[in-house]
Amino acid sequence: MKERYPRLEINLAHLKHNVAKVVEKCGSCGIQVAGVIKGATGIVEVAEQFDKGGAAFIASSRLEQIEDAKNAGIQKPMMLIRIPMLSEVSQVIRLADISLNSELEVVKALNEEARKQGKLHKVIIMADMGDLREGFWDKEEMADVCEYIENQLKNIRLVGIGTNVGCYGSISPTVETLNELVEIAEHIESRLGRKLEYISGGATSSLMRVLDGNIPKRINLLRIGEGILLARDLDVFYGYDMSDMYQDVFRLKAEVIEVKNKPSHPVGTIAVDAFGHTPVYVDRGMRKRALLGVGKVDYGDPSELLPLEEGIEVLGASSDHTIIDIENAPKEWKAGDIMEFDVCYATIVYLTNCRNVNIAFV
């Protein structure tokens, strides 16, 4: 069958390698890995590699992705990593073994639903350590809630506390921040009179502490997505050596639909583009450019496409087209040729959500 484009190729063997490598690195520090599948829209084949690679949990922010993983026969415990909505409580209990929480009202509703379904649901209570997304800011209130759950809710098991850093407020998971999280956990433990099973110290950015060998000893659970799917952020933004990981698990292939010499600056009165923006254009004279049959609705931000061919420059995009400067390309590009790109994390989310993109496993 003739291949259909645009095409996102997913290398499952390389993905499994990445999972196993991160599990190994974290395991050397006594840390379990919750494999976060939401970056690839929970594609079952991707979830299966997280399972086979040794992740302790399969994690997602979306219940439908957890349901797909369960229906595919994956037996690992399922973790919901977005605070549950009250409107989805029955589904949470049906599908997830453990969830992250920060609202007592929601935990009470989970308890009642777990009672109805005859289940014991596990929760991790979240602390906001400065990133200002989910979690308790008042840590004494957090301890009060943990004690209430422990003593009053019979169908909820408090298994730990956790935090998120770096996703909204760009806060770094410093040793000091994670030590503070451990201190909060130990204060809660003193009130409960027992040890917590998990202290979850964040997501991919917290791998920095694992790689540096300075993660606090009691941190024993991380929720890892990008650090497995792409293994690029710690390399690009923080300079970590990720050479033992594959960064080509996902690759976008797009078809050239036009090659022309054109001015590099739009001609006429400039107003706004299709998205209501007014970009800045640089006049570089007449340039050879290629048009690709893929656009922003397929992948999001054109600046996050990483060309694999020499002399390729991504100029921009509209909804359904991507404009490429090929003036300095050694290859003679023509309509029907296929151009390849590595992609960034946000790009994967768009591509795996778009029905116009053909997904293939290699």
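Where a number appears in this text, it was derived from the coordinates with a stated rule and is not lab data. Bear in mind the structure is a predicted one, so any value in this text is a computation, not a measurement. Note that we place each Cβ from the backbone using ideal geometry, even for glycine, and neighbour counts take in every protein chain shown.
Rounding to the nearest 20 debye, state how big the charge dipole of the chain is about its Cα centre with +1 on each Lys and Arg Cβ and -1 on each Asp and Glu Cβ. Spell out each step's value before the answer.
Details: 42 positive and 54 negative charges, 198 e Å.
Around 940 debye, computed over the chain.
Calculated FRET efficiency, residue 192 and residue 257, Cβ-Cβ r, R0 56 Å, to nearest 0.05?
Values: r = 63 Å, r/R0 = 1.12.
Approximately 0.35, to the nearest 0.05.
Between residue 273 and residue 243, what is the label-point separation in nm under the 7 Å Cα-to-beta-carbon projection?
The two pseudo-label positions are separated by 3.7 nm.
Counting other beta carbons within 10 Å of each residue's own, what order do 362, 33 fall into, fewest first?
Fewest-to-most Cβ neighbours within 10 Å comes out as 362, 33.
P(r) for region 145-268: what percent of alpha-carbon pairs falls in each 10 Å bin, starting at zero?
Bins of 10 Å from zero give 11, 30, 23, 16, 10, 6, 4, 1 percent of pairs.
Based only on other Cβ atoms within 10 Å, what is the fewest-to-most ordering of 230, 291?
Numbers: 230 28, 291 19.
So the residues, fewest neighbours to most, are 291, 230.
List the residues of region 75-94 whose backbone N lies under 12 Å from a point placed 7 Å from the Cα of residue 168 along the Cα-to-Cβ direction.
Answer for this model: 83.
Can you find, among 275, 11, 308, the residue sitting farthest towards the positive end of the charge dipole of the chain, where Lys and Arg contribute +1 and Asp and Glu -1 at Cβ?
Of 275, 11, 308, it is 11.
Mind pulling up the Rg/Rh value for region 205-347? Radius of gyration and Kirkwood radius, both on Cα.
Values: Rg = 19.1 Å, Rh = 17.6 Å.
Reported Rg/Rh (Cα atoms, Kirkwood Rh): 1.09.
Out of all DSSP beta bridges in the chain, what portion is antiparallel? Express it as a percent rounded to 5. All intermediate terms of the calculation are to be shown ahead of the outcome.
Details: 27 of 59 bridges.
Taking every DSSP beta bridge with both residues in the chain, the antiparallel ones total about 45 percent.
Tell me the chymotrypsin sites (Phe, Trp or Tyr not before Pro) within region 137-193 that lie in a loop according to DSSP and have at most 13 other beta-carbon atoms within 10 Å.
Numbers: sites: 137, 148, 168; in loops: 137, 168.
Hits after loop and neighbour filter: 137, 168.
Using R₀ = 41 Å, calculate the FRET efficiency as 1/(1 + (r/R₀)^6) where r is the Cβ-Cβ separation of residue 280 and residue 179; round to 0.05. Display every interim value, and only then the final one.
On the way: r = 45 Å, r/R0 = 1.10.
Once the sixth-power term is evaluated, E becomes 0.35.
Using modelled amide H (1.01 Å from N, peptide plane; none on Pro or chain starts), what sits under 5 Å from the amide H of residue 136, excluding residues fewer than 5 places away?
Correct list: 126, 127, 128.
In terms of the ratio Rg/(2.2 N^0.38 Å) built on C-alpha atoms, what value belongs to region 12-238? Can you show the working numbers first?
Numbers: Rg = 16.6 Å, N = 227, 2.2 N^0.38 = 17.3 Å.
Against the compact-globule rule of thumb, the ratio is 0.96.
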